[in-house]
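**Q** Structure incoming, see below.
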Amino acid sequence: MLSEHQIPAFKKAKPIYPHILEKEMNVSLFFVQEVNIQKEGYLQITGNNLYRIFDNGQLMGYGPARAAHDYYRVDQYMLKEGKHRIVIEHVYYHCNNFCSTNTAPFLECEVIEDERVLAYTGNKDEFICYKNESRYQKVVRLSYQRAFSESYHFAFDLMDFYTGKKNPFSYVLADVLDEKELLSRIVDYPKFEGIAFEKMEEGTFTYDESIKPYDDRYMHLEKLKIFPMESWEVDPNAYISRLVYQEEKVGSLKANVFYTYRLPSSKTGFISWEIEALEDSEFYFLFDELDSSKGEKKPIEILFYRNTTHNIISYECKKGKHHHITIEPYTMQFLRLVVKKGNIRIHQLSFIPYENPLVSAVTYQFSNYKIQKVANAAIDTFRQNAVDILTDCPSRERAGWLCDSYFTGKSESLISKENKVEHNFLENYALLEQYPYLPKGMVPMCYPGDHPDGTFIPNWSLWYILELKDYLLRTHDEDLVKQSLAKIKGLLHYFEKFENELGLLENLENWVFVEWSKANDDDFICGVNFPSNMLYMGALEAASELLHEPSLKMKAKHIKEMIEKFSFNGEFYVDNMIRNEKNEFVITDHTTETCQYYAFYFHLATPKNHEELFNKMRLEFGPKRDHEKVYPQVYKSTVFIGDYLRLMILLEYGYVEEVLDETVDYFYNMAIITGTLWEHDSTFASLNHGLTSSIFNIICGACFGLIRIDHSNKKIFLNKRFAKEKATLHIPTDDGDISISNEEEKVEIKKPSTYECIYLDSVQL
C-alpha cells in the first residue's frame, strides 16, 4: 500500500478506453472483473472523469480525487479474503464544466495480492468493458457549471448485474492508451453510511399544460457542449414543471401520486433506493435544500430549479425488483418521489452522505444554544465542501473556487487537524505551467475545470497568493509552496502591465470581482478600483515573504500611500477614481461598506490611524444597519465577503462580544432552516457554501481566544480576549487532546506536555 505522499505506480495495468466512444459525451461504461483473494489484497485505480466501485454488489469506492489537466490521483481499496466480483461504473462527460477537466477518458486499475497482480486493465481478458445501456445518454445538463443529469431505463434489476446473476449489456472493446501522469490521493476516503429519510407528506398531482416549463441558459448554450434539446431522449423538466400538487391520503405509490421526504438537515451525497415495480413504471426524484413555502402552506414546495439547477432524476423500470444509487452527489434536505405511471412499492430509500470523514474528531459544547447551532452548521458546511478539494458549494457547482478557498482553508486546519484537502487544491494549481484559455501568468478562478470562454477573476488570483502564505504558516509545507512560486512570479508579471503612473492597478480586464454587492457594479470597479488595489497591496506583502524579495514590500508600501492619498476623503474610503476627457484623475463619490472593510482587513487603516472611521464601522455599520437612514451614501456589504471581513476585523481587535452577537444574528436563521450556512442572507443561491465554515474559527476565536494551532511545531496561538460564555473545545493530536474551557471569562487549557501556548496581542485568524 502507498504511503500518503508516495508517487504511485501501476505494476502491470495500462490505461484503457474504447476508441469508438472517446469523442462522445456522457458515456457510461462498466468494467467487470472477478477475483479470488487468498490473503488480504487491494484494488488500485484511477481514471477520468469519475468512477464508482461495487464489490459483490456493495458500494466500496468513489473517485478519483480531482487533479489538474492530464494528472490523475490514484485510489487504493482493501479487499478481504474471499471471492470478489468487482464492477466499476465509469462516466465520461466530454464537456466543459467547472468541476472536472475535459481531458481524454480512461480507466486504469489492477488487483494486487501479496505484491502479485491478479488482474489488470490492458489484459484483454480482464476488466471486461460493457456499455451501460440503462442510462440515457442524450439529456439536459445538471447546471451551467456541472455536466449532465441522470436519467435511466431499467429492463432488469441492476443489482443482478453487480452480483453476476445477469449480464445483458453489450461488450465493448477497450483499447490500450498512453501512460498517464499519476499523483497520490492524499485526502481521506469518505465513509458510505446511509441515513434515513423521514416521510413528511403524500398526495396527488395534476398535469397543467398551460404552465411554461422552467428554462435556463445551460439548456441552450452550445459553447457548453450540450445535446440540442431536440435530441434529448427524455425531458423530465417539461413534465415536472407542469405538475400541481395536492396533499391528501393516498396509500400506495401509483400513477399521479407523490410522497415527500426530509433529511434532518441539508446534506450532500447519493440517493439509494430499492423498489418493486408491480407493473411497468415511470417515476422521478426532485429535490432541493429547503421548503420554499417556508412552512406557510402545504404541500411542501420543492423548487428543483431554485439554484439554477436541474435537480431531477428520472427512472423507467420494467415490472420487478430494482436497486439503484445515483452516481453523482447531490445536495438536498427535501426529496419528492413522483409516480408518472405504474405502481411501485418502496423497500428501501436512504441517503448516503459524501463527506470529509475527519471532521468528527473535533468536539465542542457551547451553553448558548444559538452559538451551538451556528457552530454545528459551520462544521457541517465544511464537511460537505472539503471532500477532495475545497469547493464553493456541493450543489450547483462543486467547483474549487479561489477566494472561497482562502477562508475554507482556515477552517480545515482547526476542524480536521491536517490541511490535506487544501494541499490537493493548491497542488492542482501548481502543476500546470500554463492553463488553457487564460492569459500568460493568470490562474483559473476555479479549478479543476475548463473555461473556454476565457473568463477569469483577476482578484481571485491575488487571494491565491494570500492563501499560499497562510497555508505555509498553517502547515510548514515548504515543498508545495516552492512548487507554487512560479505561479506567484507569473501573476506579479501579469499585473505589472495594469499599473499606471501612480503605481496603482487601473482598468483590470475580464471579471473584476470585489463582492456580491454594489461594490461590484461596473461604475464602481472601473478605472482605479481601490478595494482591488488594497488586495493587491496585501498580495504583494505576502509575495515578498514567500519570494524573499524586499522590493515587493516597498512596492506595497507605495501603493498603500497612494490609496490613502486618493481614496480616503476625510470620512470614508471611496471605491474608485476614473479619468476625464483630459486624462486627469477624478475621484468618484462611490462609497461602499465593503471598501472600508478591505481597508481595515489589509491594515491600510487601523483603530489608531483611523479611530473615527473604525468606531463608525464598529458601531454603526454591519448587517443590521438601515442603509436608507444611516449613512445612505455608503452602500451595504453582503456575507460574501464584506461581512466576513467585518467579523474578522472585530475579532482581531478584541470586540468578542460583538462578534458573537453579530454571528448569531446573521447566521442562526440559516442554521435553523438548513443546518448549513449560505452564500447570501437570502435563499436564491447556494445554501451550503464552503467559505462560511470559517465561522467556526471565528466562534472559537471569540469564545476561547484561539487564533490557530501549529501541529507541526506543537504551538497553540492564543490571545487573552474572549467572551463571557460557558464553552468547551477538544482537539485531538498525535500526543493527546488539547482541551480548552471557558467558564464565563475564565479560560483553562489542558494540553499535551509537548505543546506550547503562545499568547499574541493582535493577530488575524
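No lab work stands behind these numbers, since they all come straight from the coordinates. Quantities reported herein were computed from a predicted structural model and do not represent experimental measurements. Cβ atoms come from the backbone with ideal geometry, glycine included; neighbour counts cover every protein chain shown.
**Q** Per the Kirkwood formula on distinct C-alpha pairs, the Rh of segment 310-458 is how many angstrom? Intermediate values should be presented prior to the final figure.
**A** Details: mean 1/r = 0.0538 Å⁻¹.
For segment 310-458, inverting the mean 1/r across all distinct Cα pairs yields 18.6 Å.
**Q** Sticking with the crude label model, points 7 Å out along Cα→Cβ, report the distance from Lys750 to Glu564 in nm, one decimal please.
**A** Label-label distance for Lys750 and Glu564, simple model: 4.9 nm.
**Q** If each residue of separation counts as 0.36 nm, what is the full-extension length gain between Asp125 and Asp734 once their alpha-carbon separation is subtracted? Intermediate results must be reported in sequence, preceding the final value.
**A** Details: separation 609, 0.36 × 609 = 219.24 nm, distance 4.62 nm.
Contour length minus the Cα-Cα distance gives 214.6 nm.
**Q** With charges set only on the Cβ (+1 for Lys and Arg, -1 for Asp and Glu), what does the dipole of the chain come to about its Cα centre, in debye to the nearest 20? Could you put the intermediate results ahead of the total?
**A** Working: 85 positive and 115 negative charges, 214 e Å.
Using only the charged Cβ atoms, the result is roughly 1020 debye.
**Q** Relative contact order for the chain using alpha-carbon pairs under 8 Å, separation at least 6, rounded to a whole percent? Walk me through the numbers before you get to the answer.
**A** Details: 1753 pairs, mean separation 86.8, N = 765.
Dividing the mean separation by the residue count of the chain yields 11 percent.
**Q** So, one more: Considering amide H positions built from the backbone, and no H for Pro or chain starts, which residues 5 or more places from Glu279, or on another chain, come under 5 Å of its amide H?
**A** Gly320, Asn343
**Q** Could you give log10 I(q)/I(0) at q = 0.10, 0.16, 0.23 Å⁻¹ for segment 656-765, computed by the Debye formula over C-alpha point scatterers of equal weight, without solvent?
**A** Computed log10 I(q)/I(0) values: -0.34, -0.79, -1.22.
**Q** Next up: What does the extension gain come out to for Thr163 and His220, with contour length at 0.36 nm per residue minus their alpha carbon separation? Mind dumping the intermediate values first?
**A** On the way: separation 57, 0.36 × 57 = 20.52 nm, distance 3.99 nm.
Going from the current span to full extension adds 16.5 nm.
**Q** Sticking with this structure for a sec: Which of the GluC sites (Glu not before Pro) found in segment 604-633 are loop residues per DSSP with 10 or fewer other Cβ atoms within 10 Å of their Cβ?
**A** Values: sites: Glu611, Glu612, Glu620, Glu628; in loops: Glu628.
Here the sparse-neighbourhood loop sites are Glu628.
**Q** Please give me, ordered by residue number, the trypsin sites (Lys or Arg not before Pro) of segment 440-520 that lie in loop per DSSP and have at most 13 other Cβ atoms within 10 Å. Walk me through the numbers before you get to the answer.
**A** Values: sites: Lys440, Lys469, Arg474, Lys482, Lys487, Lys489, Lys497, Lys518; in loops: Lys440, Lys497.
Qualifying residues, ordered by number: Lys440, Lys497.
**Q** Just the C-alpha atoms of segment 195-353: what Rg/Rh do they give, with Rh taken as the Kirkwood radius? Please list the in-between numbers first.
**A** On the way: Rg = 15.4 Å, Rh = 16.3 Å.
Using only Cα positions, Rg/Rh for segment 195-353 is 0.95.
**Q** Please list the non-local residues whose amide H lies under 5 Å from the amide H of Leu183, H modeled 1.01 Å from N, same-chain partners needing a gap of 5 or more.
**A** Tyr72, Arg73, Val74
**Q** Also, quick follow-up: Kindly express, to the nearest 10 degrees and within the range 0 to 90, the angle between helix 458-475's C-alpha long axis and the longest C-alpha principal axis of the chain.
**A** In the chain, helix 458-475 runs at an angle near 90 degrees to the longest axis.
**Q** For segment 473-628, taking Cα atoms only, what is the radius of gyration to one decimal and the Dmax to the nearest whole Å?
**A** Over segment 473-628's Cα set, Rg and Dmax evaluate to 16.6, 51 Å.
**Q** At 37 °C and 0.692 mPa s, what whole-number value in µm²/s does Stokes-Einstein give for the translational diffusion of segment 301-344, with Rh from the Kirkwood sum over Cα pairs? Working shown, then result.
**A** On the way: Rh = 12.8 Å.
The diffusion coefficient I find is 257 µm²/s.
**Q** Taking segment 394-434 on its own, what percent of its Cα-Cα pair distances exceed 15 Å?
**A** Numbers: 394 of 820 pairs.
The calculated P(r) of segment 394-434 puts 48 percent of pairs beyond 15 Å.
**Q** From the P(r) of segment 359-759, could you give the percentage of C-alpha pairs in the tail past 41 Å? Mind showing how you got there, number by number?
**A** Values: 8536 of 80200 pairs.
In whole percent, the long-distance tail amounts to 11.
**Q** Give, in nm to one decimal, the length gained when the segment between Glu34 and Ser293 is fully stretched (0.36 nm per residue of separation minus the Cα-Cα distance). Please list the in-between numbers first.
**A** Values: separation 259, 0.36 × 259 = 93.24 nm, distance 5.02 nm.
Between Glu34 and Ser293, full extension yields 88.2 nm more.
**Q** Could you give me D for segment 395-463, from Stokes-Einstein at 4 °C and 1.567 mPa s, where the hydrodynamic radius is the Kirkwood radius over C-alpha pairs? Units µm² s⁻¹, please. Please report the intermediate quantities before stating the final value.
**A** Working: Rh = 12.9 Å.
This corresponds to a translational diffusion coefficient of 101 µm²/s.
**Q** Among Asn697, Gln44, Ala147, which residue has its Cα furthest toward the positive end of the charge dipole of the chain, with +1 on Lys/Arg Cβ and -1 on Asp/Glu Cβ?
**A** Checked the options; the winner is Gln44.
**Q** So, one more: Return the distance in nm (one decimal) between the two label points of a simple spin-label model at Asn583 and Lys191, each offset 7 Å from Cα along Cα→Cβ.
**A** Going from the Asn583 label point to the Lys191 one covers 6.7 nm.
**Q** Evaluated at 4 °C with a viscosity of 1.567 mPa s, what Stokes-Einstein diffusion coefficient in µm²/s does segment 139-215 have when Rh comes from the Kirkwood expression over alpha-carbon pairs? Each step should come with its number before you reach the end.
**A** Values: Rh = 19.7 Å.
Answer from the Stokes-Einstein relation: 66 µm²/s.
**Q** State the three equivalent ellipsoid semi-axes of segment 427-495, derived from the C-alpha gyration tensor as the square roots of 5 times its eigenvalues, in descending order and whole Å. Could the numbers behind the result be given before it?
**A** On the way: eigenvalues 87, 28, 24 Å².
Computed over segment 427-495, the values are 21, 12, 11 Å.
**Q** Follow-up. I'd like the Karplus ³J(HN,Hα) series for segment 573-579: coefficients 6.51, -1.76, 1.60, θ = phi - 60°, whole numbers in Hz, and an x wherever there's a Gly or Pro.
**A** 7, 8, 7, 6, 9, 10, 9
**Q** Then there's this: If you plug each phi of segment 622-628 into the Karplus form 6.51 cos²θ - 1.76 cosθ + 1.60 with θ = phi - 60°, what whole-Hz ³J(HN,Hα) values come out, in order, with x for Gly and Pro?
**A** Whole-Hz 3J(HN,Hα) from phi for segment 622-628: x, x, 7, 4, 7, 4, 6.
**Q** Given H placed on each backbone N at 1.01 Å, which residues far from Thr591 in sequence or on other chains put an amide H within less than 5 Å of it?
**A** Amide H neighbours of Thr591: Asp575, Tyr635.
**Q** Please report, in debye to the nearest 20, how large the charge dipole of segment 359-759 is about its Cα centre when each Lys and Arg carries +1 at its beta carbon and each Asp and Glu carries -1 there. Walk me through the numbers on the way to the answer.
**A** Working: 41 positive and 61 negative charges, 159 e Å.
Roughly 760 debye for segment 359-759.
**Q** Can you give the three extents of the C-alpha atoms in segment 12-154 along their principal axes, from longest to shortest, in whole Å?
**A** Taking max minus min along each principal axis of the Cα atoms, segment 12-154 gives 47, 35, 25 Å.
**Q** I would also like to ask the following. May I ask for the angle, rounded to the nearest 10°, between helix 611-620 and the longest principal axis of the chain, with both axes built from Cα atoms and the value confined to 0 to 90°?
**A** Once rounded, one gets 40 degrees.
**Q** If you average 1/r over every pair of different alpha-carbon atoms in the chain and take one over that average, what Kirkwood value in Å do you get? Walk me through the intermediate numbers first.
**A** Numbers: mean 1/r = 0.0361 Å⁻¹.
Result for the chain stands at 27.7 Å.
**Q** Now for a different question. Determine by what factor the alpha-carbon radius of gyration of segment 323-401 differs from 2.2 N^0.38 Å, reporting the quotient. Mind showing how you got there, number by number?
**A** Values: Rg = 16.7 Å, N = 79, 2.2 N^0.38 = 11.6 Å.
Ratio of Cα Rg to 2.2 N^0.38 Å: 1.45.
**Q** Here's a follow-up. How big is the Rg/Rh ratio for segment 533-576, C-alpha atoms only, Rh by Kirkwood, two decimals? Intermediate values should be presented prior to the final figure.
**A** On the way: Rg = 11.7 Å, Rh = 10.9 Å.
In segment 533-576, Rg relative to Rh is 1.08.
**Q** So how far apart, in nm, are the two label points at Ile758 and Lys12 if each is 7 Å from Cα heading toward Cβ?
**A** 5.3 nm
**Q** If you don't mind, another one. Would you kindly compute the Cα radius of gyration of segment 206-249 and its largest Cα-Cα separation (Dmax), both in Å?
**A** Answer for segment 206-249, Rg first and Dmax second: 13.7, 47 Å.
**Q** For n ≥ 4 DSSP H runs only, could you compute -39500 (n - 2.57) per run for the chain, divide by its residues and tell me the 222 nm figure to the nearest 500?
**A** Numbers: 15 runs with 185 residues, N = 765.
After summing the helix terms and dividing by the residues of the chain, the value is -7500 deg cm²/dmol.
**Q** Let me ask you something else. Just flag the chymotrypsin sites (Phe, Trp or Tyr not before Pro) in segment 655-695 sitting in loop per DSSP whose Cβ has no more than 11 other Cβ atoms within 10 Å.
**A** Values: sites: Tyr655, Tyr666, Phe667, Tyr668, Trp678, Phe684; in loops: Tyr655, Trp678, Phe684.
Taking segment 655-695 and a limit of 11 other Cβ atoms within 10 Å, the loop chymotrypsin sites (Phe, Trp or Tyr not before Pro) found are Phe684.
**Q** Going from the alpha-carbon gyration tensor of segment 469-551, what semi-axes, largest first and in whole Å, does one get by taking the root of 5 times each eigenvalue? Mind showing how you got there, number by number?
**A** Working: eigenvalues 144, 47, 23 Å².
Gyration-tensor ellipsoid for segment 469-551: 27, 15, 11 Å.
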